[in-house]
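Written below as structure tokens is the structure these notes are about.
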Amino acid sequence: GVTRLLLTRIPFFKEIIVSSFSCDSCSWSNTEIQSAGRIQEQGVRYTLAVTSRQDMNREVVKTDCASARIPELDFEIPAFSQKGVLTTIEGIIDRAVAGLEQDQPARRAMDKEVAGKIDEFIGKLRQLKEVNSPFTFILDDPSGNSFVENPHAPQRDEALVVTRYRRSPQQSAVLGLEGEEVDAKPPDAAEDLRDEVLQFSTNCPECNAPASTNMKLVQIPHFKEVIIMATNCDSCGHRTNEVKSGGAIEPQGTRITLRITDPSDMTRDILKSETCSVEIPELEFELGMGALGGKFTTLEGLLKDIRDLVEKNPFTLGDSSTPSRTGKLQEFIGKLQDVKGKTPAHFILDDPAGNSYLQNVYAPEEDPELRVQRYERTFEQNEELGLNDMKTEGYETEAASGR
């Protein structure tokens, strides 16, 4: 016979190898799949609520080490009992029926009672294909290389629940990874936070409807860790994101000056903390600390946010505006557009807390257009940051002597 191999990529999943064998003499054919990637760091469990005939047509990648279950029938296809396959939900049920029917003639001759029970169970499996009543399909793969199609991708599928989990030592041993698991160091809590998106419930700042906020710890190269928080409201569509510093306040303040000479400077990453002020001397523009909150974006994105902030000023719109003020506003917006590489200008970030950052595209070498200055904070700046009344060392002895 002839075996054909195809390396293909499944959308929103990964690459797999599909092998197909066919025999011209007896017309027997067979298809298998193998993962083209490595074993994933976590196992995966797909739980699908099958409610319609369309759900039976969902594509499924089932590897050798994956098990499939249908709790309503107390039915399970154990791991390593079938070769890996690229099929559909209906195809998995058909394959299970074919496997159960394979030895039925011999069973009927030897044990009619057992054969009768298996025939009854095969009838129940076939009824599942009609989806007369909803049932649950669970695909559990410790290697993390199985997949159930989401026809609504990239949107969320309400009927499909995807759960990632840590493999048990027994599952790792079955996959041949027991040596790695035993020798591995216990996971660090901080490392877990870097790889995980935390989610907590909150209310939308616009419509006050229940919403969820996602939080992620991110390491910025050549800088430090920051916490990115993003809120998305399903009720009114409001979206917001904010950046918090993941470390302590620096011993010195930071003043970053970038000379914008080329449009490519607009793509530089920028972290503006909530304590940072922004200044563009050529436009006589200054944005105080606290405005726009903390942001992790590009220079172009921050200039767009500044433009939106200026345009939405209530005193420049409607009855509150005057022709002269509106004219100055339009002139400023025009100049702000020219800053994007057309007109040389200086962009200054001044952060007394030292937690802001502007990307050095020449890193680790010096950037000729970027200057970073460290300075000692004034008493007023320390007062604004709440540092003058903060004492973290030696306060116990002072409290005792005060008594």
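Look through R95, R9 and report the one residue that is closer than 20 Å to V131 by Cα and at pLDDT below 90. Among R95, R9, only R95 is closer than 20 Å to V131 by Cα and at pLDDT below 90. Listed by position, the strands (runs of 3 or more DSSP E) enclosed by the stretch 194-272 that each have at least 2 residues that are among the hydrophobic types (A, V, I, L, M, F, W, C) are 198-203, 210-219, 225-232, 253-260, 269-272.
Within the stretch 317-335, residues that are closer than 29 Å to F347 by Cα and open to solvent by 90 Å² or more (accessible area, probe 1.4 Å) have Cβ atoms under 7 Å from residues that are at pLDDT below 70 and part of a helix (DSSP H, G or I) in these pairs: R325/T316, counting only partners at least 6 apart in sequence or on another chain.
In the set (1) under 31 Å from the mean Cα position of the chain (by Cα); (2) free of Cβ contacts under 8 Å to residues at least 40 places away in the same chain; (3) in a loop (DSSP other than H, G, I, E, B), the condition left unmet by S25 is number (1). Whether any residue in the stretch 37-44 is more than 24 Å from N132 (Cα to Cα), at pLDDT 90 or above, among the β-branched types (V, I, T) and not in a loop (DSSP other than H, G, I, E, B) is what I want to check. Within the stretch 37-44, one or more residues are more than 24 Å from N132 (Cα to Cα), at pLDDT 90 or above, among the β-branched types (V, I, T) and not in a loop (DSSP other than H, G, I, E, B). Applying the set (1) in contact (Cβ under 8 Å) with a residue 40 or more places away in the chain; (2) surrounded by 13 or more Cβ atoms within 10 Å (Cβ to Cβ) to S264 leaves exactly one unmet item: (2). If we keep just the residues of the stretch 76-87 that are in contact with a strand residue (DSSP E or B) (Cβ under 6 Å, 6 or more places away or on another chain) and open to solvent by 40 Å² or more (accessible area, probe 1.4 Å), which is nearest to D141 (Cα to Cα)? Out of the qualifying residues, it is A79.
Scanning the stretch 364-377 for residues that are assigned to a loop (DSSP other than H, G, I, E, B) and either more than 19 Å from I348 (Cα to Cα) or touching a Ser or Thr at 6+ places or on another chain (Cβ under 9 Å) (or both) yields a count of 3.
Could you list, in sequence order, all residues of the stretch 271-283 that are more than 35 Å from the chain's Cα centre (by Cα) and either of a type in the set (A, V, I, L, M) or at pLDDT below 85 (or both)? The answer is L283, and nothing else. Against the test of being more than 23 Å from the chain's Cα centre (by Cα) and of a type in the set (A, V, I, L, M, F, W, C), the options C207, C233 yield a single qualifying residue, C207. With respect to N145, is the statement that it is out of contact with any helix residue (DSSP H, G or I) (no Cβ under 9 Å at 6 or more places or on another chain), in contact (Cβ under 8 Å) with a residue 12 or more places away in the chain, not in a strand (DSSP E or B) and not β-branched (V, I, T) true? Judged against the criteria, N145 is a match. Here K272 fits the description: in contact with a helix residue (DSSP H, G or I) (Cβ under 8 Å, 6 or more places away or on another chain) and charged (D, E, K, R).
Of the numbered criteria (1) modelled with pLDDT of 85 or more; (2) not in a helix (DSSP H, G or I), the one T392 fails is (1). For T31, which of the numbered conditions (1) open to solvent by less than 80 Å² (accessible area, probe 1.4 Å); (2) touching a Phe, Trp or Tyr at 6+ places or on another chain (Cβ under 8 Å); (3) part of a helix (DSSP H, G or I) fails to hold? The one condition T31 does not meet is (3). Being within 21 Å of the chain's Cα centre (by Cα) and closer than 30 Å to S29 by Cβ is a description that does not apply to V174. Among the residues of the stretch 339-369, those that are surrounded by fewer than 19 Cβ atoms within 10 Å (Cβ to Cβ) and of a type in the set (A, V, I, L, M, F, W, C) comprise I348, V361, A363.
The values are calculated or read from the model by the stated rules, or taken from the named source; none is laboratory data. Not measured: the values here are computed from a predicted model. Please note: Cβ atoms are built from the backbone with ideal geometry, for glycine as well, and neighbour counts cover all protein chains shown. Calculation scope for accessible area: heavy atoms of the full protein, side chains included, ligands and nucleic acids excluded. Shrake-Rupley method; radii C 1.70, N 1.55, O 1.52, S 1.80 Å.
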